[in-house]
């Protein structure tokens, strides 16, 4: 009965779906690495687990990884055809993610996989020549953008700044001050990932408290970060030390989202960024910013990009990494010259808990 | 019934549907289907009817249909909504 | 209360298991012509999907797709936290037959009977119409088979499940290798079924690709007297039905037996004879069973009823 065979195929299709726990299954992970390499892909260090498809002999045929809320590192052997195996791998990933309380997922993959993922319930957010970013809900970005739009400020020139602020320094404050002086209103986004020395809530608080001292009032809006702006989903290379340094593949997605979704919601016309002498990833990001925001032919108005020279103290650019170095060597007096009061108070509380106000 | 948490029911397998619900202050329904051309309107009607029966007036409801029959779509909407509302089914009203 | 049907009234050769969480199977499997389809809420449904499988099965039972098809639903065992919810989900949807797994004694059937009565009242079904199929999967279930089979007028059948039974007996179940470890259990539930006048179903044959072994087992249980077998794949339906179909010779002889009985009744004779031999009531009943089986199996006999 061919029909019965068809039924069985729909359920079984000849290969077994399993899991590779990246932290525990070294052998499985090596097989996954091999399959990814054969597809011209690297194994990202942040992938926690892979759903795998194996044939009857146990040979790895296809894999799909999960890193936080991002589905990525998809690869399959050349003989695997059709989307049946991918659908089963994705189902397994959705189940595993759901068990960990994650239902809103992103997918980061090659543009060639876009149609398959759209067939599996994903919606494209941004596309470059090398990568496509999708999310598994039709409401994610649109809800976020609708929320942002409620925070619109009146004016002709509206600025935007994105800070990691790890932690907030006089350098960041100087950038905000300069940007605000050129604009009618300024939107400041603080990166939301908890991947830095200081957690997201602390970084956000120190930015808010530090900016309050500038007395700019309603002119500046500080936004908590989101999955749609400098996150592991939109800009994985910011958080990963990738050997192949294909920083461009990922920065384009993040910048595209900023230009096509975030900026229009808030009416942002100008983006401000500090010059970057130290971090190569941030430097690459800045270099691409001009292309994606101001020049790329996208279905959204261009955004003027302004690089603001770093504030210098004691003849050296102020940076968060300089602050962290000072903190590590216990030189709080040096640090005090680099950070505003709220940041300094927080750092002091870290060094001697008894000093907490 | 009020959707309190994000929830999912169903699968992406053929003849099934994956329904995802999230809390929100408005009701938004998005349906995508592999049989959109022939059955898109019917699927939307089934989803809307089922939400109405469950008394869902707020929430983000996304339905990814893979050619599911009517009864499957109803069951998957029920499953996602009940999970999202952290509620038990009232078998008389389904 | 509806009169209890005798087991011979409808064919019951095949009972096809369908995972209650599988939308594709629940949508299509009725086309394969199994005598009974059993939606499973027990072993084939993971704990995380018990809630959604219940909803899917409830909606399937109410759907036009399954209208007029006598569906069996296997609920989770009485001592699980799922049992009561399972039962409510399927009785509220008007299920025909509930299969209760892990039955060890008649008290379990009486408990299910009472629960069904309450739920039938709650959901407006005719009291007593929901039937019970008991699955025995342990030594005590097998030993108590007669009490179980006769515990309720709702009982429509008894079935053996081999995996847990074999473990309970300190052995293993490997159908392809040997059937002897199930021999006593098969005989025990068969006797119970015949005493209670209900159906009797044999174990599943898990290796879908081993048609030869499957047919060997089917021959054994048919000879023992089973009504049919639980199946795990639609591919097993046709071979099973073929194996259960009577031969044209058997059908022809059955027709002659029935014709002789009709003739004897017409002329008011108390004794029926065919080819000079006396035929008693059990032979006539068997002939009727053979003819019905021939009809559902599509066996053609020259001059006979198709």
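Read-outs: derived from the displayed coordinates by stated rules, not from any lab. Just so it is clear, the structure is predicted and the values come from calculations on it, not from any experiment. Cβ placement follows ideal geometry from the backbone for every residue including glycine, while neighbour counts extend to all protein chains displayed.
For segment A:250-357, what's the radius of gyration and Dmax over Cα atoms, in angstrom?
18.1, 56
Shape verdict for segment C:248-297, please, from the Cα gyration tensor: rounded (a/c under 1.5), prolate (a/b greater than b/c) or oblate.
Because a/c hits 1.5 or more and a/b exceeds b/c, segment C:248-297 counts as prolate.
With a point put 7 Å past each Cα toward its Cβ, work out how far residue C:143 is from residue A:26 in nm, to one decimal.
Modelled inter-label distance: 5.3 nm.
With a/c under 1.5 counting as rounded, go ahead and sort segment B:1-93 into rounded, prolate or oblate using the C-alpha gyration tensor (a ≥ b ≥ c being the square roots of the eigenvalues; past the cut-off, prolate if a/b is larger than b/c, else oblate).
Prolate.
Set the Förster distance to 60 Å, then compute FRET efficiency between residue C:67 and residue A:215 from the Cβ-Cβ distance, nearest 0.05.
The computed FRET efficiency comes out at 0.20.
What is the spread of the Cα atoms of the protein assembly as shown along each of their three principal axes, largest first, in whole Å?
Answer, in whole Å and largest first: 124, 56, 51 Å.
Mind checking the mean number of beta-carbon atoms from other chains within 10 Å of the Cβ atoms in B:74-81?
6
Note the angle between two axes, namely the Cα long axis of helix A:280-289 and the longest principal axis of the Cα atoms of chain A, as a number of degrees from 0 to 90, rounded to the nearest 10.
That helix lies at roughly 90 degrees to the long axis.
Working from the pairwise distances between different alpha carbons, so that the mean of 1/r is found and then inverted, what is segment A:152-355's Kirkwood radius in Å?
17.4
Taking chain C as the reference, fit the longest principal axis to its C-alpha atoms, fit the long axis of helix C:211-224 to the helix C-alpha atoms, and give the angle between the two in degrees, 0 to 90, nearest 10.
Rounded to the nearest ten degrees, it is 60.
Kindly identify segment A:2-138 as rounded, prolate or oblate by the Cα gyration tensor criterion: order the square roots of the eigenvalues as a ≥ b ≥ c, call it rounded if a/c is under 1.5, otherwise compare a/b with b/c, prolate if a/b is larger, else oblate.
It comes out rounded by the Cα gyration axes.
Under 10 Å, Cα contacts only: if you run a Gaussian network model on chain A, which one of A:319, A:143, A:329 comes out with the highest mean-square fluctuation?
Among A:319, A:143, A:329, the largest GNM mean-square fluctuation belongs to A:329.
Along the principal axes of its C-alpha atoms, what lengths does segment C:206-306 span, in descending order and rounded to whole Å?
Principal extents (largest minus smallest coordinate, Cα): 54, 26, 18 Å.
Can you work out D for segment A:105-217 in µm² s⁻¹ from Stokes-Einstein, where Rh is the Kirkwood radius over C-alpha pairs, the temperature is 37 °C and the viscosity is 0.692 mPa s?
This corresponds to a translational diffusion coefficient of 199 µm²/s.
Using only the alpha-carbon atoms, how far is helix C:106-122 inclined from the longest principal axis of chain C? Give it as 0 to 90 degrees, nearest 10.
Taking the Cα atoms of chain C, the angle to C:106-122 is about 70 degrees.
Below 8 Å between Cα atoms, with a sequence gap of 6+, how large is the relative contact order for chain A in percent?
Over chain A, the number comes to 13 percent.
Express in % the proportion of alpha carbon pairs of segment A:176-226 at distances exceeding 17 Å.
The calculated P(r) of segment A:176-226 puts 35 percent of pairs beyond 17 Å.
Using the per-residue mean of other Cβ atoms lying within 10 Å as a proxy for protection, in what order, highest first, do the peptides A:280-292, A:171-183 fall?
A:171-183, A:280-292
Can you tell me what the convex hull of the Cα atoms of segment A:104-156 projects to on average, as an area in nm²?
Reported value for the Cα convex hull: 4.8 nm².
Taking only the alpha carbons of chain A, what extent do you get along each of the three principal axes, in Å, biggest first?
Principal extents (Cα only, largest first): 79, 46, 33 Å.
Modelled label-to-label distance, residue C:107 and residue B:86, 7 Å Cα→beta-carbon offset: nm?
It is 3.7 nm.
Please identify, among A:185, A:200, A:345, the residue showing maximal mean-square fluctuation in a Gaussian network model of chain A using a 10 angstrom Cα cutoff.
Most flexible of the set in this elastic network: A:345.
Describe numerically, in nm with one decimal, the distance between label points set 7 Å from Cα along Cα→Cβ at residue C:123 and at residue A:150.
Reported label-point gap for residue C:123 and residue A:150 is 4.3 nm.
If you bin the C-alpha pair distances of chain C every 10 Å from 0, what whole percents do you get?
All Cα pairs, binned at 10 Å, distribute as 6, 26, 33, 23, 10, 2, 0 percent.
Give the calculated FRET efficiency between residue C:259 and residue B:26 to the nearest 0.05, with a Förster radius of 56 Å applied to their Cβ-Cβ distance.
That pair, residue C:259 with residue B:26, gives E of 0.15.
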